[in-house]
Amino acid sequence: MSRLLLAALLAGVLLGAQAQVTVARPDIPLSTEQEARLAELLPDLRCLVCQNESLAESRAPLALDLKYEVRGLVASGRSAPEIKQYLVDRYGDFVLFRPPFDARTWLLWLGPFALVLLALGVLLRQIRGSRRAVAAAPPKPVDDAALKKLLDE
């Protein structure tokens with residue numbers, strides 16, 4: 001009996017929480033221009049859960065919450081730079097697919113190029129070193145007796 005009562009109570013709490021989320025999240029109506037701004041803004045924002053998907057592509061619950069928040073910001077009349085700055089202030093540069101080039105992110109932007117240049121430098125040094133080793137090695141003296149023996153066979 002107590003298990004049945006506990007299960008009923010748990011189901012009631014879960015259904016109540018689900019109803020609260022649904023009621024608390026009405027769809028905000030947007031004008032055609034605001035819909036276009038929203039559609040242009042969402043691909044530039046990263047899903048904080050999926051990380052490899054934009055906010056426009058993601059179906060994660062957190063992404064849906066963030067889309068709703070961005071929709072509200074667009075409806076309130078904020079510009080795209082203001083919305084991005086609001087999200088960066090709240091979630092950090094990670095929320096942007098293209099973080100700004102500044103003192104905190106220069107390694108992120110220049111790191112891959114530096115690694116490629118470093119790899120090319122190491123490769124060139126290896127090639128030059130192997131050529132010098134081959135050129136610096138004196139030719140071995142020819143053993144005439146061994147060469148004659150090989151040719152006679």
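The values are calculated or read from the model by the stated rules, or taken from the named source; none is laboratory data. Since the model is a prediction, treat every value here as computed from it, not as a measurement. Note that each Cβ is placed from the backbone with ideal geometry, even for glycine, and that neighbours are counted across all protein chains shown.
Numerical summary
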quantity	calculated
Hits in segment 84-111 (condition: free of Cβ contacts under 8 Å to residues at least 24 places away in the same chain and in contact with an Asp or Glu (Cβ under 6 Å, 6 or more places away or on another chain))	99
Qualifying residue in segment 37-44 (condition: modelled with pLDDT of 90 or more, assigned to a loop (DSSP other than H, G, I, E, B) and closer than 30 Å to residue 109 by Cα)	no
Cross-chain or 6+ apart pairs with Cβ under 6 Å, segment 40-69 first and assigned by TED's automatic domain parsing to the domain that holds residue 84, then exposed (fewer than 14 other Cβ atoms within 10 Å of the Cβ) and modelled with pLDDT of 90 or more	54/43; 56/43
Hits in segment 75-98 - residues which are among the aromatic types (Phe, Trp, Tyr) and assigned to a helix (DSSP H, G or I)	86, 91, 94
Looking only at segment 71-100, and only at residues there that are within 20 Å of the chain's Cα centre (by Cα) and of a type in the set (Lys, Arg), the one that is surrounded by the most Cβ atoms within 10 Å (Cβ to Cβ)	84
Flag for residue 126 being loosely packed, with under 13 Cβ neighbours inside 10 Å, at pLDDT 85 or above and more than 19 Å from residue 27 (Cβ to Cβ)	yes
